[in-house]
Each structure stands twice: as structure tokens, then as C-alpha cells.
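Visitor: Quick one: this structure, given as C-alpha cells, is what I'll be asking you about.
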Amino acid sequence: VEALAKAFVGADCVIGNAALVSLRPHPFSRYLAANVDGTIHVIEAMRAAQVSRGIHISTVGIYNGHTPPVDEDHPRYGEAHRQHRLNGYKVSKALAEETAWRYAAKSEIGLTTLRPSVMYGAFDRYFGAWHRKAIRLRPFAFHPYLSRFCLVYAGDVANAAMLCIENPISDGKAYNVTGEDLRLREFTKAWCEQDPSAQDKRLPLPIYYRRHYASGRIRRDLGWKTRSYSEGIRETLALESSPSVVEPETTEA
């Protein structure tokens, strides 16, 4: 907390977006330490540094149940839900958001929370890494053509955070930050059109999976909008191929 507070001195707003995210399951205690305790440390440091505005990056994974479309008032996970190695991230992020609201109120910090859906973007080690492996397999790429994720470009999530800082109406509100309800095949098609290493011979897998979230609140309040898959993918590939952009290091803690 002391080190964070020193770093926050003079800041008008802090965007808290650090979390333990992993494709490998971890003990629930590790998720709590990173996602909940880490949130407490950030807000306590904000209070010590007299920062009065915060943006907490949550996730649509905090929702308990997925009857579409899921808006910001949908039931969420909580302490009463059974935690196991497969849902530890979701439950811990739900507890982290509740903790953020509670500590921010106690410290008189104006808070907004953003709940992104599955993101894609430059140097992505999670969805992006899995997707690239799938569409580059030879002689055929595998494709769950019935699945829908409401994918959102990471740059659009960053824009949402900037809009929240610029518009006081966002203070005290939670926003879903999600893309359009499109089939994954639309994303794959747009990617293959721009990435010569992608495989255009795709073997369809009849796997149905749908997560549909409503993002009307942030669109109405702040005028937020998402760019098309083609635009987001073009920027992703350009950033990764630019000699002036260095791939960021990440830690899993």
C-alpha cells in the first residue's frame, strides 16, 4: 500500500485493472489474494494519496447465470456460492467488485466499474493465443462455428475507461463493456482476411456456446461504441508487427 500510494501522488484518477487471470485453475486462496486483497490495497493507496476518482475493471464473469441478454442488474456471484478450481476467478472477481464499492464508499472515492466480456487485442495470451493456435492448424483449422461470445477489442475497453473519467455521470455506476452478439465464425472470417498465416480451410465443430450481454447503459450514458472486428484485428496485427511496440511482460501473482 505504501509503495502504491507514493506512485499515486498527484494522480486525478486510478484505473485498477490488475488481476490473476489464468487458463490454468488455481486454488481459490490465490484468486482471493490477487483479486480481492489487491483491490483493497489499491483503494487504500488511493485514499492515502488523496485520489478521489477510480475506475475498477471487473468482468461479465461475475454474473451468476446467463439468460440473455444479461444487463448490469443481473444476479452476481457472492460469498454464499461454492468456490472450486474452475470458478475461482469468477467468484473472486465478484467479491473484488463488491469490495471495491465498499472501500470506495468508506474512503469517499468516486468509483465506476467496467465489466468487459472476452477481449482480444495485441499480445493477448488468453483468448487470442487459443484462437490463433486453432486457426493455424494444418491441414485444417478447427472452428466452433455456432459459438457466440460478444467479443470486445481491448482498445475499446480503454476508450470506455477514458469516457468514464471525462463524464461525471458515470460516477457510482457499473457498465457492461461488450461487443456485438455475433458468431465466432464472423471473427474468424475477419481475422483470416488479414492474417496470411491463418488457415482458410476450417473444419466446423458443432459446439453451441452463447454469452449475450447488454451494453446499452454505457452507450446511452457516454456514447461509447465498439469498432468492427476488421478494425480491431487490423490494429491488433499492426501493433504486434510494429518495431516501436515492445511486447509487455506479465506476472502471474
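The values are calculated or read from the model by the stated rules, or taken from the named source; none is laboratory data. Since the model is a prediction, treat every value here as computed from it, not as a measurement. Note: ideal-geometry Cβ built from the backbone for every residue, glycine included; neighbour counts use all protein chains shown. Side chains are part of the model used for accessible areas, which takes the heavy atoms of the whole protein and leaves out ligands, DNA and RNA. Shrake-Rupley method; radii C 1.70, N 1.55, O 1.52, S 1.80 Å.
Visitor: Determine whether A45 is out of contact with any helix residue (DSSP H, G or I) (no Cβ under 6 Å at 6 or more places or on another chain) and of a type in the set (A, V, I, L, M). Give the derivation first.
Guide: Details: out of contact with any helix residue (DSSP H, G or I) (no Cβ under 6 Å at 6 or more places or on another chain): no; of a type in the set (A, V, I, L, M): yes.
Criteria not met by A45.
Visitor: Could you check, for segment 135-158, whether at least one of its residues is modelled with pLDDT of 95 or more, open to solvent by less than 10 Å² (accessible area, probe 1.4 Å), assigned to a helix (DSSP H, G or I) and farther than 20 Å from Y63 by Cα?
Guide: yes
Visitor: Kindly evaluate R82 against the criterion of being among the basic types (K, R) and in a helix (DSSP H, G or I). It would help to see each step written out before you state the result.
Guide: Values: among the basic types (K, R): yes; in a helix (DSSP H, G or I): no.
So R82 fails the test.
Visitor: If I ask for residues that are touching a residue at least 12 places away in the same chain (Cβ under 8 Å), within 19 Å of E180 (Cα to Cα) and among the aliphatic types (A, V, I, L, M), which ones from segment 130-158 would you list?
Guide: If the condition is that a residue be touching a residue at least 12 places away in the same chain (Cβ under 8 Å), within 19 Å of E180 (Cα to Cα) and among the aliphatic types (A, V, I, L, M), then L146, L151, V152, A154, V157 are the ones that fit.
Visitor: Another question, if that's okay. From D181, D195, grab the single residue that is acidic (D, E), open to solvent by less than 50 Å² (accessible area, probe 1.4 Å) and more than 22 Å from V60 (Cα to Cα).
Guide: Details: D181 fails: more than 22 Å from V60 (Cα to Cα).
Going through D181, D195 in turn, just one is acidic (D, E), open to solvent by less than 50 Å² (accessible area, probe 1.4 Å) and more than 22 Å from V60 (Cα to Cα): D195.
Visitor: Sticking with this one: Within segment 118-129, can you find the residues that are in contact (Cβ under 8 Å) with a residue 24 or more places away in the chain and more than 17 Å from T59 (Cβ to Cβ)?
Guide: A122, F123
Visitor: Can you tell me which residues in segment 96-121 are surrounded by fewer than 20 Cβ atoms within 10 Å (Cβ to Cβ), in contact with an Asp or Glu (Cβ under 8 Å, 6 or more places away or on another chain) and either charged (D, E, K, R) or assigned to a loop (DSSP other than H, G, I, E, B) (or both)?
Guide: Across segment 96-121, the qualifying residue is only S107.
Visitor: OK, next. What number goes with the only condition from (1) touching a helix residue (DSSP H, G or I) at 6+ places or on another chain (Cβ under 8 Å); (2) farther than 30 Å from R53 by Cα that Y209 does not pass?
Guide: (1)
Visitor: If you don't mind, another one. Go through segment 212-242 and give me each residue that's outside any helix (DSSP H, G or I) and either open to solvent by 70 Å² or more (accessible area, probe 1.4 Å) or in contact with a helix residue (DSSP H, G or I) (Cβ under 7 Å, 6 or more places away or on another chain) (or both). Steps first, please.
Guide: Residues of segment 212-242 outside any helix (DSSP H, G or I): 212-215, 223-228, 242.
Residues satisfying the conditions are Y213, W224, K225, T226, R227.
Visitor: If you take the residues in segment 157-183 that are touching a strand residue (DSSP E or B) at 6+ places or on another chain (Cβ under 7 Å) and charged (D, E, K, R), which one is nearest to H66 (Cα to Cα)?
Guide: Looking at the filtered set, the residue picked out is D181.
Visitor: Okay, moving on. What's the number of the only condition in (1) surrounded by 14 or more Cβ atoms within 10 Å (Cβ to Cβ); (2) outside any strand (DSSP E or B); (3) not hydroxyl-bearing (S, T, Y) that I169 fails to meet?
Guide: (1) is the only condition that I169 fails.
Visitor: Okay, next question. Output the residue which, of all residues in segment 46-57 that are small (G, A, S) and under 11 Å from V14 (Cβ atoms), is surrounded by the most Cβ atoms within 10 Å (Cβ to Cβ).
Guide: G54
Visitor: Which of the numbered conditions does R76 fail, given that it passes all the others? Conditions: (1) under 23 Å from G216 (Cβ atoms); (2) open to solvent by less than 30 Å² (accessible area, probe 1.4 Å); (3) in contact with a helix residue (DSSP H, G or I) (Cβ under 6 Å, 6 or more places away or on another chain).
Guide: The single condition R76 does not satisfy is (2).
Visitor: Looking at V9, V21, V60, which one is buried (at least 19 other Cβ atoms within 10 Å of the Cβ) and either over 15 Å from the mean Cα position of the chain (by Cα) or in contact (Cβ under 8 Å) with a residue 24 or more places away in the chain (or both)? Outline the logic, then answer.
Guide: Numbers: V9 fails: buried (at least 19 other Cβ atoms within 10 Å of the Cβ); V21 fails: buried (at least 19 other Cβ atoms within 10 Å of the Cβ).
On inspection, the qualifying residue turns out to be V60.
Visitor: Which condition from (1) surrounded by 13 or more Cβ atoms within 10 Å (Cβ to Cβ); (2) more than 17 Å from F127 (Cβ to Cβ) is the one that V245 breaks?
Guide: For V245, the exception is condition (1).
Visitor: Return the residues of segment 10-28 that are part of a loop (DSSP other than H, G, I, E, B) and within 20 Å of A100 (Cα to Cα); say none if nothing qualifies.
Guide: Those that are part of a loop (DSSP other than H, G, I, E, B) and within 20 Å of A100 (Cα to Cα): A11, D12, C13, N17, A18, A19, L20, V21.
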